[in-house]
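The values are calculated or read from the model by the stated rules, or taken from the named source; none is laboratory data. Worth saying up front: this structure is predicted, and the values here are computed from it rather than measured. Every residue, glycine as well, gets a Cβ built from its backbone with ideal geometry; the counts of neighbours run over all protein chains shown.
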Amino acid sequence: MKILCIGAHPDDVEIGMGGSVASFVKQGIEVLLLDLTNGEPTPFGTPEIRKKESEKAAEILGVKRICLNLPNRFLEDNIEHRKKIAEVIREFRPTYVFAPYFDDGHPDHVASSKLADASRFYAKLTKSDIKGEPHYPKRVLYYFPIHIKLRIQPSFIIDISEFIEIKKKAILCYESQFIIPKKESTIESVLLENYYWGIQTGTKAGEPFFQKEIPLFENWPKGYV
């Protein structure tokens, strides 16, 4: 089992599914965070600052991460970008890919969602100039949007009760985005949503996900809660 988590910017994965990432790691699952852009420019950040912040957050979550340094604010679903992500998929060979939900207020998030779908397909192509051996992840799963609040019915919830504090610590690594500009309330809002989803499932905290493809449960109801 391997899991690839795609974010348009450093901090996207931490906000959307940081608790789930920590839970995967505890289960012994290898996780790779893929930032498509470095997230800069921002009012209080620089590429160097953001890199240090993202590395610290990855260390807290216990994962590896790489950045493709695609153009922030101008991220597009195009052939060049599809191939670059497909090469990462071929090298890492994930079982599942997690990506931003396909409807969001930030154009980069929408583009990264489309890129995840397209790159999954490109990664399996034969007779192509894409480096590596073909590989096709089982599914693309989507963590919920950050910049627009939609009434989405989740396909499933992951219990992150044990990992909510780790998630908070990982997000707090991004001082240039939340501490310096005094946006700690944004983090609290994210965590409140996690507590809400926890209430819906009888746990302390949860992270919601959506999937387009119909799930299959083997040996139901074993493992079904």
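Scanning for something touching a strand residue (DSSP E or B) at 6+ places or on another chain (Cβ under 8 Å), of a type in the set (Asp, Glu) and surrounded by 18 or more Cβ atoms within 10 Å (Cβ to Cβ), does region 200-217 turn up at least one residue? Yes, because at least one residue in region 200-217 is touching a strand residue (DSSP E or B) at 6+ places or on another chain (Cβ under 8 Å), of a type in the set (Asp, Glu) and surrounded by 18 or more Cβ atoms within 10 Å (Cβ to Cβ). Being outside any loop (DSSP other than H, G, I, E, B) and within 16 Å of Phe144 (Cα to Cα) holds for only one residue in Val97, Val25, Val31, Val88, and it is Val97. The residue pairs whose first member lies in region 6-24 and is over 16 Å from Gly105 (Cβ atoms), whose second member is modelled with pLDDT under 95, and whose beta carbons are closer than 9 Å, counting only pairs six or more residues apart or on different chains, are Phe24/Met1. May I ask you to list pairs of residues, at least six apart or on different chains, whose Cβ atoms are under 8 Å apart, with the first in region 38-58 being more than 13 Å from Glu175 (Cβ to Cβ) and the second being crowded, with 22+ Cβ neighbours inside 10 Å and among the acidic types (Asp, Glu)? Close Cβ pairs (under 8 Å, with a partner that is crowded, with 22+ Cβ neighbours inside 10 Å and among the acidic types (Asp, Glu)) amount to Gly39/Asp11.
A quick yes/no check of all residues on (1) in contact with a His (Cβ under 9 Å, 6 or more places away or on another chain); (2) over 23 Å from Pro10 (Cα atoms); (3) of a type in the set (Ser, Thr, Tyr):
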position: Tyr136; (1), (2), (3): no, yes, yes
position: Val140; (1), (2), (3): no, no, no
position: Pro145; (1), (2), (3): yes, no, no
position: Ile166; (1), (2), (3): no, no, no
position: Cys173; (1), (2), (3): no, no, no
position: Lys183; (1), (2), (3): no, no, no
position: Tyr196; (1), (2), (3): no, yes, yes
position: Thr203; (1), (2), (3): no, yes, yes
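Look through region 4-42, keep the residues that are closer than 14 Å to Gln177 by Cβ and of a type in the set (Asp, Glu), and return whichever of them is surrounded by the fewest Cβ atoms within 10 Å (Cβ to Cβ). Selected residue: Glu40. Among the residues of region 61-72, those identified as surrounded by fewer than 19 Cβ atoms within 10 Å (Cβ to Cβ) and under 26 Å from Asp159 (Cβ atoms) are Gly62, Lys64. In this structure, Lys149 does not qualify as more than 26 Å from Pro47 (Cα to Cα), assigned to a loop (DSSP other than H, G, I, E, B) and modelled with pLDDT of 95 or more. The sole residue among Gly45, Gly132 that is surrounded by 14 or more Cβ atoms within 10 Å (Cβ to Cβ), in contact with a Gly (Cβ under 8 Å, 6 or more places away or on another chain) and over 17 Å from Gly18 (Cβ atoms) is Gly45. Name the residues in region 155-201 that are within 17 Å of Ser20 (Cα to Cα) and outside any helix (DSSP H, G or I), would you? Ser155, Phe156, Ile157, Ile158, Asp159, Ile160 - these are the residues of region 155-201 that are within 17 Å of Ser20 (Cα to Cα) and outside any helix (DSSP H, G or I). In this entry, Glu53 is excluded by the filter for residues that are out of contact with any strand residue (DSSP E or B) (no Cβ under 7 Å at 6 or more places or on another chain), exposed (fewer than 14 other Cβ atoms within 10 Å of the Cβ), at pLDDT 95 or above and assigned to a helix (DSSP H, G or I).
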